[in-house]
Amino acid sequence: MTGIPPPSIWLLAAFVAAPAAAQTGAFPDFVDVSAELGVTLVNVSGEGNADYIIEVNGNGAGFFDYDDDGDVDLLVTNGSTLERYREGGDPLATLYENADGVFRDVTAASGLNDTGWGFGVCVADYDNDGRSDVYLTAWGPNKLYRNLGNGRFEETGEGAGVADGGWGTNCAFGDYDRDGDVDLYVANYLTFDDEVIPRRGDPGNELYLGELEVMIGPLSLPGESDVLYRNDGNGAFTDVTAASGIDDPGHFGFGVQFSDFDNDGWTDIYVANDSTENLMFRNDRDGTFSEIGLISGTSVSLMGYAQAGMGLAVADYDGNGYFDIFVTNFSQDTNTLYRNLGDMLFTDATAASATGAPSRLHLGWGAGFADLDNDGWVDLFVANGHVYPNIGELDLGVRHLQPKEIYRNLGDGRFEAIAAEQAGDPAIPKPARGAAFADYDNDGDVDVIAINMNEGPSFYRNEGGNRNRWIGFRLVGVSSNRDAIGARVEIDAGGRTQSAEVRSGGSYLSHNDMRVHFGLGDADAVDRVRVRWPDGESEELQGVAGGRYWLVREGEGRVIPGP
């Protein structure tokens, strides 16, 4: 987390963004149904005093169908306290089975029983056996759980070569070399040792923000480099970070996403970094990458300074066929929206999109693009919460507990910040961190879970998003990786073309449902579906009815009813 930028910067960001006109039609409500669904884990992240940086970054969640029964289940990662960590730590995660819309804790029976200090999660079928496997990041070592198919997992991280011992944060799977299996990118944060790093308030080591004494932040600590693992296809991975050109000089890594940003059929990698420049790795299509963050326009803000990148979201928000990037940042700065112009060139559209000013007093973490009202344009959800419990003592208008932000896409390049009375429960201030997105009840609209530090989660059911029509697809690779991670899906419906990708990981420390979801507005059917598979092959489907999820298996040229 970085400090406060110069006032001239954030004031300009605040006043450039003109308010967006209201969109017609009712936006859905989001109701916290955590207790009703049985998702009540109290997330642990330090003692709550923010004496050390390890205590303030929180945790994430992942939606995936671990038992292949057609509905998405839920995994929530968990931290610890320093005292308990020295004794082995807390459970790294809790796994909830979705049983007819109610969630049941099946952690003990699943084998996900390791303890320590967990952070993030990403999911993929890394061995192409048809079952979803789980990777958990931690304050070392990370864990890889192979799904055995009987409701149980086996931990294989060390044997597979991916038990990274650093401070892992976000992770994501993607097939960067198009060889038919998914590779793994792990973002690392910094080297933390509480026996070396001073505690907040230690005499002679005080650090102040104005008159407020705060913990030691990242710029005073050594960063850890990210790692890229190539899947060898035999259940093991090889560290190819150096050989592939992934040159991370020890930036403080948080958000990471594989995505084909230049639409050339080869997945690239973007990394959001705290207090240091973000990184854009262009896939050179020969097993290597080139870092082009600065020349692509995605490494710093419009003003030319590095921000405090936490989480990120990727989608084609303006319908031009290229995937854009949204990065959450520190309070009294703005979040940043990078609009993709094509040819690996981006422009900072934060002010033009009207997403900057509403975020200035918030400290953003998890984020996601999703068509929350199914009108055919992806909206934006952001989870917020400050890292300093007593930040309210300063006369900055900033508070520790913060509401979520929901932005409605107006379809003209701008977003409308939904007012508190429209947003409902998300307007209640919370100490939120990770956020994950899925249609958990298969009713056609996207729901959201936000993980709150040292509290139970906020599980937001979307009520009213399915008033408009919709369609969804689950893709299964054959020659491509089994989850079809990296596949691009385009639909023509209602006179427009929409584009999406199958992705692993994303947001902040989280993983979203990998089914591809589109809002259709008032269109009953999709005129054309075009799928470009991760291996580069394409196929088209005609006249697909909306209102349900379809299964698309690579090479079959048809859709069948799916979960």
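The values are calculated or read from the model by the stated rules, or taken from the named source; none is laboratory data. Predicted, not measured: the structure shown is a model, and the values here were computed from it. Please note: Cβ atoms are built from the backbone with ideal geometry, for glycine as well, and neighbour counts cover all protein chains shown. Ligands, DNA and RNA are stripped out before the accessible areas are found, and what is left, the full protein with its side chains, is counted by its heavy atoms. Shrake-Rupley method; radii C 1.70, N 1.55, O 1.52, S 1.80 Å.
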- Message: Let me check against my output: what whole-number percent is the relative contact order of the chain, with C-alpha pairs under 8 Å and at least 6 apart?
- Response: 16 percent
- How about region 31-104: which GluC sites (Glu not before Pro) there are in a DSSP loop, with at most 10 other Cβ atoms within 10 Å of their Cβ? E87
- Query: Viscosity 0.692 mPa s, temperature 37 °C: Stokes-Einstein D of the chain from its Kirkwood Cα radius, in µm² per second?
  - Reply: 143 µm²/s
- Percent of alpha carbon pairs in region 329-372 separated by more than 14 Å? 56 percent
- For region 36-77 and region 521-563, distance of Cα centres in Å: 33 Å
- How many angstrom lie between the C-alpha centres of region 265-290 and region 160-199? 15 Å
- Item | Cα shape, region 120-271, gyration tensor, a/c 1.5 rule | prolate
- Item | Descending semi-axes in Å of region 250-337, equivalent ellipsoid built from Cα gyration tensor | 21, 15, 11
- Query: Within the chain, which is the longest segment containing none of the trypsin sites (Lys or Arg not before Pro) that sit in a DSSP loop and have at most 13 other Cβ atoms within 10 Å?
  - Reply: 286-557
- Portion, in percent, of the accessible area of the chain that falls on carbon or sulfur, probe 1.4 Å: 47 percent
- Only Cα pairs under 8 Å and at least 6 apart count here; give the relative contact order of region 422-475 as a rounded whole percent. 28 percent
- Accessible area in square angstrom per residue, the chain, 1.4 angstrom probe: 33 Å²
- Restricting attention to region 139-245, which GluC sites (Glu not before Pro) occupy a DSSP loop and are surrounded by at most 16 other Cβ atoms within 10 Å? E195, E206, E211
- Task: Work out, in µm²/s and without decimals, the Stokes-Einstein translational diffusion coefficient of region 438-563 at 20 °C, 1.002 mPa s, Rh from Kirkwood over C-alpha pairs.
- Result: 140 µm²/s
- Residue by residue, what Karplus-based ³J(HN,Hα) values in Hz, rounded to whole numbers, does region 97-109 have, using 6.51, -1.76 and 1.60 with θ = phi - 60° and x for Gly and Pro? 8, 7, 10, 6, x, 10, 9, 10, 5, 10, 4, 4, 6
- Taking region 223-345 and dividing mean pair separation by its residue count, relative contact order in percent (alpha carbons under 8 Å, at least six apart): 19 percent
- Work out, step by step, the length gained on full extension between L294 and D193: first 0.36 nm times the residue separation, then minus their alpha carbon distance; give nm to one decimal. 33.1 nm
- Message: Under the 0.36 nm per residue contour assumption, what length would be gained going from the current alpha-carbon distance of E393 and D202 to full extension?
- Response: 66.7 nm
- Item | Expected 222 nm ellipticity per residue - DSSP helices of 4 or more, -39500 (n - 2.57), all of the chain, to 500 | -1500 deg cm²/dmol
- Item | Rg(Cα) / (2.2 N^0.38 Å) computed for region 79-173, rounded to two decimals | 1.08
